[in-house]
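The values are calculated or read from the model by the stated rules, or taken from the named source; none is laboratory data. Please read all numbers here as calculations on a predicted model, not as lab measurements. Don't worry about glycine lacking a Cβ; one is built from the backbone with ideal geometry, like all the others, and counts go over all protein chains shown.
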Amino acid sequence: MSSSPPAPKTDDAPEAPAKKPDKRKLILIAVPVVLLLAGAGLWFTGVLPHALGMDKHEEHAEDSAKAVPPSYVDVPEMVANLNSTSHKPSYVKLVVRIEVPKPEDAEKIKTALPRVQDLIQTYLREMRPEELRGSAGTYRLREELLVRANTAVAPAKVSDILFTQMLIQ
């Protein structure tokens, strides 16, 4: 028995047709993309945050209706000589008003007013005239006085220091 070797394959055999995209794969990709786009559209139009109860507009309106206007405490006029390197003395005349967020803290601040004045005077005496020049100097002065006032009146809170008058000579 003689066996003949198998015949070599030729390219004449019909090939399987090119694979078409599987419909399952297309669905698995398309569905999440469509859901993601729909979710993004609902989010940016404001429908989704509203449906999830994440509306901030109503809370802000309620907070502003309940807001109590701040109280103000006037500090008497202060004149201090500045730390000057020249032989000519420099002075600053300052009138400030303290803004208090809670009206009940205004009385606490009035009782601590001598301490606040002392801290302001002490700080002003260490300043040089060039440190007070321009809006940046005024801003730094306000921030420093705010820190010192809050230290003096603790546990009450001072929300801002308002300059009524400031004259540098």
With the structure loaded, tell me whether LEU162 is modelled with pLDDT of 90 or more and not in a helix (DSSP H, G or I) or whether it fails that test. yes
Given ALA40, ALA106, ALA112, ALA30, which one is of a type in the set (Gly, Ala, Ser), modelled with pLDDT of 85 or more and either in contact with a helix residue (DSSP H, G or I) (Cβ under 7 Å, 6 or more places away or on another chain) or closer than 30 Å to GLU131 by Cβ (or both)? ALA112
Condition met for ILE98 (part of a helix (DSSP H, G or I), modelled with pLDDT of 85 or more and surrounded by 14 or more Cβ atoms within 10 Å (Cβ to Cβ)): no
Answer yes if at least one residue in region 129-151 is in the same structural domain as SER84 (by TED's automatic domain parsing), loosely packed, with under 12 Cβ neighbours inside 10 Å and among the aromatic types (Phe, Trp, Tyr), and no otherwise. yes
